[in-house]
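Structure first, commentary second.
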Amino acid sequence: GALPAKTSIPIALTETKAGAIYSLSDQTDFTFTLASNQGVVINFSPSSQTAKYHLSLLDSANAVIDQIDCLNQASVSLAAAYAAGNYTLRVTPVDVIDAGSSFSVQLAASTIQREQEPNNTTAQASTLDIAQSVTGRLSSNSDIDYYTFTLSDTRYLDMTFAAPGSTKSFSIALY
């Protein structure tokens, strides 16, 4: 028979919840609310050796603000600072499912400086504390991230960009 309709799975900071995908047209939604601007880490861990997943983080208007694929059975994470509001993490299948295997989603507070999403324009630029390093992620080939900082006086800065494991070319500009 048909599977019962799914409902969203609420998840709070410090919690881990399980979900599953039963068909190529299925999806599992996890919902959470942030009471204030906050850095969070969303860890996704598949148990299947064959299933492939796409994760989309949606804001309250259902606009995609971050996304990542889990295609090689290794855990993946979304990590950034997000504004106060309601969010949905939508998990959908990519090409292959394993209905007998679940996955887990963990929502945790970030302990390091993260980019503030969205930061795709100069008006949305993430404000940096230059005394700390910042972690960000480009979520697609067309993603652009902007950052802003203020100097109180003339000084030299040592800026380092790293993209561990990437073989792509990046363009960095300082205005």
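The values are calculated or read from the model by the stated rules, or taken from the named source; none is laboratory data. Predicted model only: the values in this text are computed from it and were never measured. Please note: Cβ atoms are built from the backbone with ideal geometry, for glycine as well, and neighbour counts cover all protein chains shown. We work out accessible area using only protein heavy atoms, side chains counted, and drop any ligands, DNA or RNA first. Shrake-Rupley method; radii C 1.70, N 1.55, O 1.52, S 1.80 Å.
Report the full-extension gain for the segment ALA61 to LYS168: residue separation times 0.36 nm, less the Cα-Cα distance, to one decimal in nm. Each step should come with its number before you reach the end.
Working: separation 107, 0.36 × 107 = 38.52 nm, distance 3.19 nm.
Fully extending the segment from ALA61 to LYS168 adds 35.3 nm.
Each of ALA123 and SER152 was given a label point 7 Å from its Cα along the Cα-to-Cβ line. The distance between the two points is 3.2 nm.
Would you list PHE149, PHE30, PHE170 from the most to the least accessible area, probe 1.4 Å? Mind showing how you got there, number by number?
Working: PHE149 55, PHE30 0, PHE170 90 Å².
Per-residue accessible area, sorted high to low, gives PHE170, PHE149, PHE30.
Partner lysines whose Cα lies under 22 Å from the Cα of LYS6, excluding those fewer than 8 positions away in the same chain, are identified as LYS17, LYS52. So what is log10(I(q)/I(0)) for region 75-139 at q = 0.16, 0.19, 0.25, 0.28 1/Å, when the Debye sum runs over its Cα atoms only? Debye output, listed in q order: -0.72, -0.91, -1.28, -1.45.
Protein-only accessible surface at a 1.4 angstrom probe places the residues ARG90, ARG155 in the order ARG155, ARG90, largest first.
Taking every alpha-carbon pair in region 1-111 and binning the separations at 10 Å intervals from zero gives 14, 50, 29, 6, 0 percent. Site pair ASN72 and ASP143 shows an inter-label distance of 1.7 nm when each label is modelled 7 Å from Cα along Cα→Cβ. Centre-to-centre, using Cα atoms only, region 1-49 and region 150-171 are separated by 34 Å. Counting charges near THR28 (Lys, Arg +1; Asp, Glu -1) among other residues having Cβ under 12 Å from its Cβ returns a value of +1. FRET efficiency for the pair THR135 and SER101, taken as 1/(1 + (r/R0)^6) with r the Cβ-Cβ distance and R0 = 30 Å, rounds to 0.50. Over the chain, Cα pairs under 8 Å with separation of 6+ residues give a relative contact order of 24 percent.
Report the rotationally averaged projected area of region 42-163 based on its alpha-carbon convex hull, in square nanometres. Please list the in-between numbers first.
Working: hull surface 37.2 nm².
That works out to 9.3 nm², a quarter of the Cα hull's surface.
Peptide packing for 137-146, 46-55, 72-81 was compared via the average number of neighbouring C-beta atoms within 10 Å per residue; ordered from the highest value, the list is 46-55, 72-81, 137-146. Between THR88, ALA173, ASN62, the Cα set farthest toward the positive side of the dipole of the chain (charges on each charged residue's Cβ, about the Cα centre) is that of THR88.
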